[in-house]
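Here's the structure we're looking at; comments come further down.
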Amino acid sequence: MGKVFYKFVGTAGDAALDLFDKAVVEGSIKLSSAASFNDPFEFKFTSVAPSRAMFDEWHRRWRPDLTPEELANGWDSLTGPQADWNSGLVPRMNLLQGLYVLCLAQRWDNHLMWAHYSDMHRGFAIRYKPEALADLEVLPDFQMRGDVTYSDSVAQLCWFGAPPREMLQPVLLTKSSDWSYEAEHRVILSGPAHRDALYHKIDPALIAGVILGARVSETLIQKALSLRAARPDFTVDLVSASRGSYGLTAHRMEDHVRTMRGVL
């Protein structure tokens, strides 16, 4: 069995019920615009120009259609007086406008994730089977997916030092060490600029279950249990904590049993 991936979701009041229907019952997945991330300093990079030999060899292999004039202009943009603008600022702006990202966690038991992304435990975490991500990989606008690397140093964008789909990987999969608690796995698609998000649907059977926050409403509990009744393989767990410990635990919910939660 492959990795299990978690998506923390939460919103206030009855909107959480609608979100459950869309994301869990219907299988809708939201990929947020890179330009709207809560950290505006994501996707920073240090531009590293290639040697002329690397530049020419890369284009012979991957872009043999370019004319000598186009190649000369491309080389000048990387090494000429406007190099900082052409190889730094403009590419980053284009990245932010044209990329859409699904951010998943590889662990469910982190306090900060529940507090920040699940409306202070009033939301839930969706458990995706690994096959769910394989469904996204076959989309025509799929770019890449992978585990995020956390670093105190900004990633390097080594121009024309790797195949087209691999060249941006260090930039797209590197974040500040301050975010390491997320244990993030990203799925990245390209799309039209200036949208808030892209939406895709997967087979709901690829959702293994949900973990409900410690402050989740009874109405949301009932909605999750009703789905389990229709899909016996769908699991519904509830977050709690052991007495005298900060460590989070989760127990399988029973239809007619409720325990004290969010206190001990």
### Query
Just checking, how many residues over the stretch 77-125 are over 29 Å from residue 192 (Cα atoms), without any contact (Cβ under 8 Å) to a residue 60 or more places away in the chain and within 19 Å of the chain's Cα centre (by Cα)?
1
### Message
Suppose the filter is of a type outside the set (Val, Ile, Thr), modelled with pLDDT under 95 and open to solvent by 40 Å² or more (accessible area, probe 1.4 Å); does residue 135 pass it?
### Response
yes
### Query
Name the pairs whose Cβ atoms lie under 6 Å apart, with the first residue in the stretch 220-249 and of a type in the set (Phe, Trp, Tyr), the second modelled with pLDDT of 90 or more and open to solvent by less than 30 Å² (accessible area, probe 1.4 Å), and 6 or more positions between them or separate chains?
234/209; 234/227
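Of the residues 95, 102, only one is closer than 21 Å to residue 40 by Cα and modelled with pLDDT of 95 or more; which?
Only one candidate qualifies: 102.
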### Query
Quick one: what pairs do we get from the stretch 152-165, first residue in contact (Cβ under 8 Å) with a residue 24 or more places away in the chain, second among the β-branched types (Val, Ile, Thr) and surrounded by fewer than 15 Cβ atoms within 10 Å (Cβ to Cβ), C-beta under 6 Å, 6+ apart or different chains?
154/46; 156/46; 156/48; 158/48
### Query
Of the residues in the stretch 40-59, how many are under 18 Å from the mean Cα position of the chain (by Cα) and either open to solvent by 30 Å² or more (accessible area, probe 1.4 Å) or of a type in the set (Phe, Trp, Tyr) (or both)?
4
## Note on the structure
Going through the stretch 80-122 in order, the residues found to be under 15 Å from residue 183 (Cβ atoms), open to solvent by 50 Å² or more (accessible area, probe 1.4 Å) and in a helix (DSSP H, G or I) are 111, 112, 116, 117
### Message
Just to be sure I understand, how many residues within the stretch 182-206 are open to solvent by less than 40 Å² (accessible area, probe 1.4 Å) and either farther than 29 Å from residue 49 by Cα or more than 16 Å from the chain's Cα centre (by Cα) (or both)?
### Response
8
### Task
Kindly check whether there is at least one residue in the stretch 220-242 that is closer than 20 Å to residue 22 by Cα, hydroxyl-bearing (Ser, Thr, Tyr) and part of a helix (DSSP H, G or I).
yes
### Task
Please indicate, with yes or no, whether at least one residue in the stretch 225-243 is modelled with pLDDT under 90 and over 20 Å from residue 111 (Cα atoms).
yes
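For every residue, the table says whether it meets (1) in contact with a helix residue (DSSP H, G or I) (Cβ under 6 Å, 6 or more places away or on another chain); (2) closer than 30 Å to residue 208 by Cβ.
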{"site": "8", "(1), (2)": "yes, yes"}
{"site": "33", "(1), (2)": "no, yes"}
{"site": "38", "(1), (2)": "no, yes"}
{"site": "54", "(1), (2)": "no, no"}
{"site": "65", "(1), (2)": "no, no"}
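The values are calculated or read from the model by the stated rules, or taken from the named source; none is laboratory data. Worth saying up front: this structure is predicted, and the values here are computed from it rather than measured. Glycine also receives a Cβ, built like all others from the backbone with ideal geometry; neighbour counts cover every protein chain displayed. Protein only, heavy atoms only, side chains kept; ligands, DNA and RNA dropped before computing areas. Shrake-Rupley method; radii C 1.70, N 1.55, O 1.52, S 1.80 Å.
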